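Comments concern the structure below.
Since every read-out is calculated from the coordinates, none of them should be taken as a lab result. Note that the structure is a prediction, hence the values are computed from the model and not measured. Glycine also receives a Cβ, built like all others from the backbone with ideal geometry; neighbour counts cover every protein chain displayed.
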Amino acid sequence: MIEVTGVSKAFGQHQVLRDVSLDVEKGGVVALIGPSGSGKSTLLRSINLLSVPDAGTIRVGTSVHTFDGTRTRLPNDKQLSAFRSRTGMVFQHFNLFAHLSVLRNVMEGPLGVLGAPRREAQDQAMALLEKVGLADKANQLPQVLSGGQKQRVAIARALAMRPAVMLFDEATSALDPELVGEVLGVIRGLADDGMTMLLVTHEMDFARELADQVVFMRDGAIVETGTARDVLERPSDARTRAFLARYRHLEHAA
Ligand code: ADP
Ligand code: MG
């Protein structure tokens, strides 16, 4: 469902992605881990074309975009927003519209981008708020919500575009520890529904539980890929081992 082939990206002299290839099959869950600055966010942003690769091919469902550095042809704005709506993205910071109710936040994309009828957009938004456990907050402004609740609204908002895949970029990293579980619970529910997902996460236990495949990135390249057991418990690469050992140490210290 997601196919990244030979993707490279530089910012000036700084090569941030180096010939990255990665697949997520339909209904699959892949966890992307690695140290800060290794290119995880840039890879996710490349998949929904928020960041434009210098080279390589990005396929999501039936949409294919190929970049060769010289004559990169981007889709027009309309095609781009249609494509982005098919690749739901959830960020560390929720970016909700502060002046709109929770319900309106979830309705906005279908109304504005997909041109859905108001009634339909509203019914769907209510159903999604129900799904993430926030139907009772529909008419509140985001400011009254906790971080965990805001992130659940952000997930509902992405789902309202009926995405073929969901990309999560450290969706729980900005949350107080006691709020992490409720967001992971919603993501777990999506996995149970068969949603195709690529998650950048530092929640190693969650990755182990949910991911069919764990991919470890360093310095813009994928250095290890395999089942959660293989990558998290017996990584073949010494530096992956060192990263994970440091992580365990931090987790236990926290
Ligand atoms: P990660 O998510 O793994 O922490 P990022 O993809 O955010 O890594 O960043 C990878 C590298 O690319 C970092 O060194 C970062 O400073 C650099 N980078 C990211 N975005 C930009 C940008 N828009 N302009 C210049 N450098 C960037
Ligand atoms: Mg990042």
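Need the C-alpha centroid separation for segment 1-47 versus segment 94-156, integer Å. After rounding, the separation between the Cα centres reads 29 Å. Here the peptides 111-123, 14-26 are ranked by packing, the mean other Cβ count within 10 Å, and the order with the highest first is 14-26, 111-123.
Straight-line cross-link reach from residue 9 at under 19 Å between alpha-carbon atoms covers these lysines, not counting any fewer than eight positions away in the same chain: 40. Dipole check for the chain: with +1 at the C-beta of Lys and Arg, -1 at the C-beta of Asp and Glu, and the Cα centre as origin, the magnitude is about 620 Debye. Largest GNM mean-square fluctuation across 125, 158, 242, computed for the chain with C-alpha springs under 10 Å, falls on 242. Taking the Cα centre of segment 96-162 as reference, the dipole from Cβ charges on Lys and Arg (+1) and Asp and Glu (-1) amounts to some 100 debye. For residue 137, a cut-off of 23 angstrom between C-alpha atoms picks up these lysines, skipping any fewer than 8 places away in its own chain: 150.
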